[in-house]
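No value in this document is a laboratory result; all are computed from the given coordinates. Being a predicted model, the structure only gives us computed values, none of them experimental. Note that we place each Cβ from the backbone using ideal geometry, even for glycine, and neighbour counts take in every protein chain shown.
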Amino acid sequence: MLSNLCSFPKTNLTIMTTLSQTYRDHPLIHHHHIVPLDFDSLRTIPDSHDWLHSSPETPSSSSSSSCYHTNVDVSIPLIDLTDHDAIALIGNACETWGVFQLINHDVPMSLIEKAEGETRRLFDLPMTRKLKALRTPRDVTGYGLPRITPFFSKYMWHEGFTIMGPPIDHASQLWPSNYQPFCDVMEEYQRKMKALAEQITNLIFNYLKISDCANWLHSTGAAAACSTALQLNCYPRCPDPTRVMGLAPHTDTFLLTILHQTRTCGLQIFRDGSGWVPVAPLPGALVLNVGDLFHILSNGRFPNVLHRVVVDPTQRRLSMAYFYGPPPDFCVSPLNDPPETPCYRPVVVKDYVRLKAKNLENALSMIRL
Ligand SMILES: O=C(O)CCC(=O)C(=O)O
Ligand SMILES: [Fe+2]
């Protein structure tokens, strides 16, 4: 039995931390160039964004910028949520891949299309307007570069908009008299994503035979304030995609990420023995991947999949990533049923967020036993 392995610490139960507060308390290392480029106006790739000679990880070093892998051994699992074996299929996919595509989920296609439409409307705005909603170094919501930027020597071919909490302040800068549709759609989208994330988390806990680990799923009020964020991503087309990086290789911090991608290819996951494997966009499918916290909680059974985004030469690509984790004050401990040697020490979510903000991929090794 798992008793109190994963839980809220006994102290300070009344003072709950929010995720945006956690991020605000730990601003990223400041870097001077915090504004995304106006990519559409560029004819050549500036040195600041040219990864060709700076890293062995450039997209040009990978065999496949094409989306449609012909080798069946390397296609990411596709799971129908209404399948009577869904628990086993999802658990298996988490164990063997750390990522899968999901169809027949309850998120209406019309809502996904509306959210994608609002995302397009945002990135279509002139740069002067988008800059009015710029995320400040001490803020979490807003327009700007990927949060992982300070860890790389080159900039990414990317512009993003992060939503943590109500986006009304920033949205009203973008569209002074017409911000409500954006706020309404994003709120509804996050509600549906949260319900799906909870459903999948429950299924996975079932698969892992965990019963009392997820007490935040059953709590109300402040204790139920799980860590969530919505990241809108835009990867403008690039005349020479082999020299640029849409989003550099990283793992996601929380339990699960649910991603909607437009029809343009770009997302790739790293798989031992196969290298970078594309995640082909499938109409109606959402991509779910395991983040660091599920990797810790599963005691390393689920890989926290390394992924990156490459850029297309002719089409802009958009994506919406919803991150889901336990509340910031929740303590995550490795699964111990049947008893096994823990690979990680227990960690409070907000402490892990801080470790990650300072150390990126080295964060995990800092709690490894
Ligand atoms: O755009 C994508 O496909 C992936 C986005 C992503 O990995 C992220 O926002 O963390
Ligand atoms: Fe990611």
Practice problem: Between D169 and L125, with labels modelled 7 Å along Cα→Cβ, what's the label distance in nm to one decimal, could you check? | Solution: 1.5 nm
Exercise. Can you run the Rg to Rh ratio on segment 275-369? Use alpha carbon positions and the Kirkwood inverse-distance Rh.
Key: 1.04
Quiz item: Put a dot 7 Å past each Cα toward the Cβ at R368 and E187; how far apart are the dots in nm?
Solution: 4.4 nm
Quiz prompt | Exposure proxy order (Cβ contacts within 10 Å, fewest to most) of Y352, Y344 | solution = Y344, Y352
Practice problem: Give me the distance in nm between label points sitting 7 Å out from Cα along the Cα-to-Cβ direction at T341 and E113, one decimal. | Solution: 5.5 nm
Practice problem: Kindly put W175, W157, W51 in sequence by how many other C-beta atoms sit within 10 Å of each C-beta, fewest to most. | Solution: W175, W51, W157
